[in-house]
Structures are given as C-alpha cells and as structure tokens.
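In what follows, a structure is listed as structure tokens, so that the remarks can point back to it.
The values are calculated or read from the model by the stated rules, or taken from the named source; none is laboratory data. On a predicted model such as this, the values are computed, not experimentally measured, just so you know. Counting neighbours? That spans all protein chains shown, and the Cβs are built from the backbone with ideal geometry, glycine included. Protein only, heavy atoms only, side chains kept; ligands, DNA and RNA dropped before computing areas. Shrake-Rupley method; radii C 1.70, N 1.55, O 1.52, S 1.80 Å.
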Amino acid sequence: MPASHALQRTAARTLFAALGLGIGAWGAQVPALAQRYALNEAQLSMALLAAAIGAVSCLLVAPKLVMRVGPRRCVKGASSIMCLVIAGVLFGEAWWTIGAIMVGFGLSTALFDVSVNAEANRIEQETGWKLMSSVHAMFSLGSMVGALGCAGLLRLGVAPQWQLAGFGLALLPVYLWAAHQLDGPHPDAHADENNSPFTLPTGPLLWMGMVGALGLVAEGALFDWSALYVKQELQGSAAMGALAFAAFSAAMAYGRLRGDSVRARVAPPRLLRVSGVLAAVGMAIALVGGRPEAALVGFVIVGLGLANIVPVMFAAAGQMEGVPPAQGVAAVSAVGYAGFLFGPPMIGGLARVTSLSAALWLVVLFAALIAAMSGRVLKR
C-alpha cells in the first residue's frame, strides 16, 4: 500500500538530508582521496571530472528508468551504490581504479537526484503542497553537517577511511527506509517502450536548463572560490575565508527552507527575477567592498539570491504539460550539470590570465542574465 503523502514528503526530505550528509563527508575527504592514491592536482581534477561525466551520462537514461521501474527501486539501487563507494573508496590501492569508482559515484548520484526530484514534483502536483525548495534545503543542511562532522572526527584522530566507512554504512538503512515510502512505478511506466530514453531539451526545457546552468555555475563559483577570494584578494585570514563560505552556505540553506512558502505566494517569474537581482547585487558588494567584512555581507545576499533558482527550475520542468516529471527534470539537469561541469574551470582559467576578482564578475553577469531571462523562460 502506498505511503501517505505526508510520509512521502518526510521521506523525500530525509533522502536529500542523507544525500547531503554523504556528499558533505565525501567533499571533506577529497584531500585524503588525493593522498591515498598519490594523485597530483591534474589527476585529481580528472577523477572529479569522471564523476561529473558519469552523472551527465546517467541523465541520458534516468528518465526512462524512473518511469519504467519507479523512483522507489531507483533510489534503493542508486543509494546502495553510493554507500558502497563512500564506504570503500579510501580502502583501494591502485590509482587507476579511482576513475571507475568516480564514474559509478556520478552515475548513482544522478539517478538518485532525478528520482527524488521527480517524486517531489509528483507530490507537489497531487497535493498542492510546495516541496521542492525544502528538499534542496535539507541537502544544504545535510552537507554542512557532514563536512562539520568530518572536521570534528579529524580533530579526534579518526582516520578518514574509517570516517567514510562509518558514514556509508550508517546512511544505507536510512536511504532504504525512506526510499520504501516513495511511489512505485508510474502509471505510464510501460508506455511508449520504443521511444528513445532521452531527447535533447528544446524550447522551454532548453531555456530552463540554461537558467539552471547559470545558477549552478554561480553556485559552484562561490563554493570553489569564496574562501580563496577572501584570503588571497582581500588579505583576510583563513578563518575569515572559512566564515565567508559558511555564511554563504547558511544563507543558501535558509533561503531554501523558506523557499516553499515564498513560492506559494510569489509567481515563479517574479521570484526568479528577484533572485537574480539579489545574487548580482550581493556579488557586486563582495567585489567592490574591498574588505572581508563586506564580502561576508555580500556572500549572504548571494546565497539568498541563488537559493531557489535551481528548485524553481526543477519544479517548472517537472510540471511541463505533456512531459513526464522525470524526463523534464532530467532534461534540465543535463544542461545544468554541463554548466556546473565547465563553469568552475572557466572561472579558474580566467582568473589565471586576469585575477580572481575579475573572474568572479562572471557571477554578477550570470545572475543578471537570470533576472533578465525570467519572464521568457517561465512564461505560462
């Protein structure tokens, strides 16, 4: 018997929080990954690129798979692979195995992402309850807790490989319980069996994907470069750089926690326009303020601005008339992931020929483009 909608909402939030915990722990141990396999910076970049390529590749088949077997089975399978990778990644020996491991990690996280976002869209449509922002907020909170937990365990002397093993083994039963509460196969699971599993997004879906990509590039830039910007360009302390990153992350989480109630009152085009303006203004404050304190304030505003751009895009993509939610979410995700994949290296390359301060003006530009495109992209 299907779980109640209230239980399904709880399960979706739990899945994203658990995903955040795992990703946060994983991200905190990237230096340990490099040390374990003796990877230089170029090799580590290729390993991380392998995960992104695995994710984008999975998005080519994820919609059909979710529609055919249902989000419940997809999440159970994807989360099992994720937990095995997290638990065992630091116990390997040969450096060449890391590429295959990272591809598997990217594949599983992408399938997980499409499944839960499609399910959140279904619950929104059936109940009228806004859910998309809150599930992404739980991911943001979970990733913060996972990273902070690893930092605390390191101070206690717990080896990184045992940390990840503990996270992987502890999260698996949580994933499996929450996944069991999700919907089974969709009514159209066996329709149009001969159709291609994925069609390159066109029209509105392409525009939604482009806006999602701009938002993800801006978000990734702050994740990758905010602390370094404060320390290197503004001569702030390492603690101030970490605080700036934490302030941005906290603002993202808060904005997403409040996002569902805001989405219930504000039309998506207007919300997207205001979000883009906030992000552009906040980033400009951080860049022209000239002091770490100004950057701290600016990053908070950027976090609030960027918080709901991707949730709004995923919600809109999952509600396109005549497009199954999983297929709409995957189409927008594919374009968004492409932006996330190539955006940070683009900013890094520009920083090498100019400066990090100059390169980060791209965030202002991208946020302004989001605001300018909002009406056309989300026109009914």
Task: Signed unit charges on C-beta, dipole axis of the chain, positive-most listed residue LEU60, GLY27, ASN121 - done: ASN121
Task: Magnitude of the charge dipole, segment 1-141, Cβ model with Lys/Arg +1 and Asp/Glu -1, debye to 20 - done: 440 debye
Open item on the list: Using the Cα centre of the chain as the reference point, and only Cβ charges (+1 on K/R, -1 on D/E), how large is the resulting charge dipole? Debye, rounded to the nearest 20.
Closed with: 620 debye
Open item on the list: Using a probe radius of 1.4 Å on heavy atoms only, what accessible surface per residue do you get for the chain? Whole Å² is fine.
Closed with: 43 Å²
- [ ] Please give the length that would be gained between ARG270 and VAL158 if that part of the chain were fully extended, namely 0.36 nm times their separation in residues minus their C-alpha to C-alpha distance (nm, one decimal).
- [x] 35.5 nm
Task: Dimensionless Rg over Rh [segment 1-84; C-alpha; Kirkwood] - done: 1.07
- [ ] Heavy atoms only, probe 1.4 Å: what % of the accessible area of segment 66-179 goes to carbon and sulfur, would you let me know?
- [x] 71 percent
Task: Under 5 Å, built H, 5+ apart or other chain: amide partners of GLY70 - done: HIS186
- [ ] Describe numerically, in nm with one decimal, the distance between label points set 7 Å from Cα along Cα→Cβ at LEU356 and at ILE81.
- [x] 3.5 nm
Task: Dipole in debye (nearest 20) - segment 203-282, about Cα centre, beta carbon charges: Lys, Arg +1; Asp, Glu -1 - done: 380 debye
Open item on the list: Counting each pair of different Cα atoms once, what's the Kirkwood radius of segment 94-174 in Å, rounded to one decimal?
Closed with: 15.3 Å
- [ ] Report the relative contact order of segment 254-368, percent, no decimals, based on alpha-carbon pairs under 8 angstrom and at least 6 residues apart.
- [x] 28 percent
Task: Residue among ALA247, ALA12, ALA100 with the largest mean-square fluctuation in a Gaussian network model of the chain, springs linking Cα atoms under 10 Å - done: ALA100
- [ ] Only helices at least 20 Å long along their axis, Cα-based, and averaging 0.5 or more on Kyte-Doolittle count here, so list those DSSP H runs from the chain.
- [x] 5-28, 41-58, 71-88, 132-155, 160-180, 203-228, 238-257, 268-288, 292-306, 325-353, 361-377
Task: Dimensionless Rg ratio for the chain, taking C-alpha atoms and the 2.2 N^0.38 Å reference - done: 0.95
